[in-house]
Amino acid sequence: MGIAYLVSIRLIAYIGQRIGVSVPSEVQPVIVVLLFGVVTDYSIFFLSRIRRRISDGEEPRVATVRGTAELLPIIVTAGLTVVAASAALVVARLGFFQAFGPGTAMAVLIGLLVSVTLIPALLASVGRALYWPRRPAIELAPRARSPGAGARARARVLARERRSRSRALRLATERPLLTATVLTGLLLLAGSGMLHTELGNPLIRGLPQDSLTRQAYAQAGRGFTPGILSPTVVIVERAVVVDERRRLVALERVLERQPGVAEVVGPAEQPIERELGAVYSRTGAAARFFVVLDSDPLGARAIRTVRRLERLLPVLLISVGLPTATPSLAGDTALVAETVDGTVDDLGRVAPASLGVVLVILIVFLGALVAPLYLLAASVLALVASLGLATYLFQDLLGYGELTYYVPFATAMLLVSLGSDYNIFLTGRIWAEARRRPLWRAVQIAGGRAATPIAIAGLVLAASFALLALVPLRPFRELAFTMAVGLVIDAFLVRTLLVPALITLVGDASGWPGRRLVTRPFEPD
């Protein structure tokens with residue numbers, strides 16, 4: 001991970017200079033934890049598979065060669081899926097996301113290259129000692145000479161396979177409809193928080209409590225009102241509107257009575273008749289109102305207030321006798337509202353691109369059309385559940401009032417692409433096992449074998465993102481929680497239970513139109 005970081009952070013800066021794109025400083029902590037998690041995940045997959053081969057009696061170097069050859073297509077496909085899904089952010093219009101996507105894509109690509117070269121080399125060089133202090137013992141000797149060794153070996157393999165099938169996995173394969181229905185319902189229930197998710201940019205409120213900037217903001221909010229730091233500006237334009245002072249004062253009084261508005265400074269406060277440029281333009285064709293809001297001017301509540309004013313202003317102008325005047329708004333709140341709208345618009349462009357890339361890779365890898373559809377749907381369910389839980393925690397329980405506008409966007413990109421790693425690892429093992437066994441049994445055996453590596457990898461990756469909470473900024477804590485919870489849900493519910501249940505429920509039709517899944521007769525243990 002250290003090597004991957006040292007290479008990627010310099011390469012990203014170099015490529016950024018060459019193409020004229022600078023990766024925002026906010027992305028660097030994400031790149032660190034993403035590299036740590038990705039390299040560790042792929043190392044766990046290699047360690048797990050090669051350890052099993054050593055336990056089956058193969059020499060460490062042979063086990064490494066064969067295990068690497070077996071896992072290389074799966075890991076490369078998984079890594080390229082994350083890279084492609086991240087790179088899809090180039091279709092976004094906001095500069096932050098245009099830089100965020102290529103930056104994470106380059107980091108994951110370098111982590112993938114390190115994982116498929118350095119890790120197998122270390123495994124082949126060090127051998128069993130790499131697992132010290134608990135080296136893998138030989139559980140099966142393929143060339144045992146004693147009579148009946150073959151039958152005993154077969155019995156030991158079957159016994160190990162039975163142990164690998166957890167009760168949860170047996171439930172998922174023996175009652176797939178019940179399992180899939182219950183889990184889908186639980187994930188949708190958790191995701192219901194998204195129905196009232198609000199977005200904002202708590203730039204000042206997201207700073208540490210001991211920050212002088214935040215302390216000054218708190219004092220200003222107590223002494224005056226939170227919106228005093230950045231009033232919203234309302235401009236009313238019309239020829240010689242300066243002559244309509246009485247109507248403009250009436251408009252100011254109407255604006256003061258609007259919900260969310262603490263005070264308005266405008267024509268009523270003009271002390272003299274001269275046009276000094278503060279309230280009236282020097283040409284006399286425009287008047288300016290300073291609207292002070294009663295909430296954080298960068299928060300979701302202020303954004304709602306400004307949007308409501310934008311809709312009401314034409315009606316308010318008619319009510320005070322200025323039907324031909326043209327209103328417009330400016331200020332930080334209006335800018336944040338536009339940024340949030342741009343983020344939502346970008347999500348509408350990026351989501352189809354990212355999901356399309358992941359879907360195409362799954363189709364090519366599995367040689368099927370049906371399975372990739374429900375595998376992708378399962379990933380989206382995990383994402384919806386994590387964002388819903390984040391809304392309930394931060395917006396409702398902790399009273400923040402909103403999520404930082406780019407947190408759901410970044411979470412969506414990272415969770416869907418990283419969840420595809422586990423999709424590919426799990427289904428790749430199941431598809432390989434299904435060449436020799438009925439699909440239901442392949443799900444039990446391959447799912448049981450993959451459950452522990454996926455669980456450990458998920459915990460490591462979740463813990464990596466949870467470390468983002470050490471950054472004393474609210475957006476990173478939101479991202480840390482959302483990613484950690486989403487990865488735990490993905491690893492322990494979606495991949496371990498929901499996906500096996502769906503594969504069992506759909507059956508051999510999962511492989512349509514390919515013929516990699518062929519119905520076989522029942523084979524008792």
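List of remarks:
- In terms of surrounding Cβ atoms within a 10 Å radius of their Cβ, Ser295, Ser510 rank from fewest to most as Ser295, Ser510.
- Across region 212-295, the convex hull enclosing all Cα atoms gives 98 Å³ per residue.
- Between the exposed loop cleavage positions of the chain, defined as trypsin sites (Lys or Arg not before Pro) in a non-H, G, I, E, B DSSP state with at most 11 neighbouring beta-carbon atoms within 10 angstrom, the longest gap is 283-434.
- Mean sequence separation of contacting Cα pairs (under 8 Å, at least six apart), scaled by the length of region 226-348, corresponds to a relative contact order of 38 percent.
- Dipole in debye (nearest 20) - the chain, about Cα centre, beta carbon charges: Lys, Arg +1; Asp, Glu -1: 2920
- Over the chain, DSSP H runs of length four or greater, each weighted -39,500 (n - 2.57), average out per residue to a 222 nm ellipticity of -21500 deg cm²/dmol.
- Positive-end residue, region 231-330 charge dipole about Cα centroid, Cβ charges, pick of Leu255, Leu316, Ile235: Leu316
- Asp345, Asp332 arranged by Cβ crowding within 10 Å, fewest neighbours leading: Asp345, Asp332
- Longest segment of the chain lacking chymotrypsin sites (Phe, Trp or Tyr not before Pro) that sit in a DSSP loop with at most 13 other Cβ atoms within 10 Å: 225-521
- Dipole of the chain [Lys/Arg +1, Asp/Glu -1 at C-beta], most positive-end residue of Ser192, Pro438, Ser211: Pro438
- Of the DSSP H helices in the chain, those with a Cα length along their own long axis of 20 Å or more and a mean Kyte-Doolittle hydropathy reaching -1.0 comprise 2-19, 27-55, 60-87, 95-126, 149-164, 176-191, 300-319, 332-366, 370-390, 407-433, 439-466, 474-489.
Since every read-out is calculated from the coordinates, none of them should be taken as a lab result. A quick note: this is a predicted structure, and the numbers were derived from the prediction, not measured. Positions of Cβ are generated from backbone atoms using ideal geometry, with glycine treated the same way; all protein chains shown enter the neighbour counts.
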